[in-house]
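Once you've had a glance at the structure underneath, I'll fire off some questions.
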Amino acid sequence: MGKRFRAYDMNQRLLLPPDLREWLREDHLALYVSDLVDQMDLRGILNVYDEGDLRGRPPYHPALMVKLLIYGYCTGKMSSRKIEEATYDDVAFRVLSCNQQPDHDSIAEFRKRHMNELGKLFVQVLELCERAGLVKLGHVALDGTKIKANAAKRKSLTYKELTKGEKELERKINELLGEAQRIDEEEDRMYGKGKRGNELPEELRKRETRLGRIRELKEQLEREAKDAAEKELAEAEEQKAARQRGEQVVKNYRRRKWTRDESGGIVPKPKTQRNLTDPDSRIMKNVITGSWEQAYNAQIAVDGESKVIVAAKVLQQTNDQEQLVPGLKEVEKNVGRMPERATADAGYFSTAAVSDESLKAIDLYIPPNGRERQSNQAVEQTSVRDKMWHKLRQPGGAEIYKKRNTTVEPVFAEIKHVRGFRQFMLRGLNKVESEWNLICMTHNVLKLFRAGKQLKIA
């Protein structure tokens, strides 16, 4: 008697259940995302579409596209091409798309067109987290990480290189125009007048486009230098007046972003850089690899108990020193209240920040830069830096600060290493910030989903 096996026939036609939800188990993440999106307010996206325009094929339903994007970002499939492929190969994506297959161009265009509104969904999901009891704000940890921009570092030019490139391109364009004039005159002699070309030579068009881009970036740098100079000079005047009134003034250690040329005019420093592909990005150092990358500084504030992200921001500045106050105010804006306690690494410390009046109710644990200085004075008479060092050396102070590592670092690890988000797909600060909000929002979606499963198990 031969062995018996379960029936297996690739040609067997199956009667699949008509309810798409039955293709997945009840507690599947895709079904959770679908139910979550159905509860969201998508009017900001829906109102973009003109109901009176009936030309061409109707677009895919926005709810379908939002579900695909959120589930894709939750599972590490962030590329529009990978999402399109998944609508054919992955049952969960097929369920969310109701067995439709939007092409990658449609997905990419939808994301680009509605990225600002998609980023706003971060607050809606955070409100759901708070209702679910995941936002306590007993302890919030702040930190930032450098994430690559969608631009190559080699496309960055300094102000000096932009000035030199502008002159070189002007010279080359004038040469090409002169050559074109000579050819026109020669052809007029050979064929007679009246013959003309309908467009510029391709080489000339490329150079003119590049020259226009260089001039645009050069003007932007010059504007920023003048604005920075005006702000710095105004602050200097205010500090001078405060000292004359006998008030204590906190010294500003920001590096000057401008200089003066031979005629005394305000110009950017020669080494100030801009990228031709994404001018909003900056060259930043990756502290892990030690390499310099074209990147953005992505910031988050994380709830210490649930690891829910309660605030997210993208910066062009490499330094975090001025981000403590804005970061905690962003938490208050999103949740409606400040945290009881906050921790951040030494990069966030400044006397002005930890002494800010708006943070006086928060128990701060932020080590100052540099070594602790020995002082024989009473704690009440020491500087802000010394008081912070004393606080961190008190019983329990170091333990509280150490919680920062186990609060915010795992969140970055999950985003960058588990889900594989290491580079922005869009360009420009506004779009990049919306994309970061989308990443942080999907992190919170996963927190909600896992918390719900744990409650069911319990």
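Laboratory data are not the source of any read-out in this text; all were calculated from the coordinates shown. Since the model is a prediction, treat every value here as computed from it, not as a measurement. Cβ coordinates were reconstructed from backbone atoms using ideal geometry, including for glycine residues, and neighbour counts include every protein chain displayed.
For segment 20-117, which semi-axes, largest first and in whole Å, follow from the square roots of 5 times the eigenvalues of its Cα gyration tensor?
Largest first, segment 20-117 gives 22, 15, 13 Å.
Using the charge dipole of segment 20-117 (Lys, Arg: +1 at Cβ; Asp, Glu: -1 at Cβ; taken about the Cα centre), state which of Ser97, His114, Leu64 has its Cα farthest towards the positive end.
Checking the options against the dipole of segment 20-117, the answer is His114.
Also, I was wondering about something else. Between His61 and His104, what is the FRET efficiency for a Förster distance of 25 Å, r being their Cβ-Cβ separation, to the nearest 0.05?
According to the calculation, E is roughly 0.90.
If I take R0 = 51 Å and measure r between the Cβ atoms of Lys226 and Ala398 in this structure, what FRET efficiency does the formula 1/(1 + (r/R0)^6) give, to the nearest 0.05? Write down the numbers at each step before the final one.
On the way: r = 46 Å, r/R0 = 0.90.
FRET efficiency, Lys226 to Ala398: 0.65.
Could you calculate the contour length gain from Ala152 to Val48, that is, 0.36 nm times the residue separation minus the distance between their Cα atoms, to one decimal place in nm?
Length difference between fully extended and current span is 34.1 nm.
Sticking with this one: Given points 7 Å out from each Cα along the Cα-Cβ axis, report the Ser355 to Ala234 separation in nanometres with one decimal.
Calculated label separation equals 2.3 nm.
Please give the peptides 331-338, 320-327 ranked by average Cβ packing (other Cβ atoms within 10 Å per residue), highest first, as a rough proxy for protection.
320-327, 331-338
Output the pairs from Lys67/Lys285; Lys285/Lys391; Lys136/Lys403; Lys146/Lys240; Lys112/Lys148 with a Cα-Cα distance over 25 Å in this structure; if there are none, say none.
Lys67/Lys285; Lys285/Lys391; Lys146/Lys240
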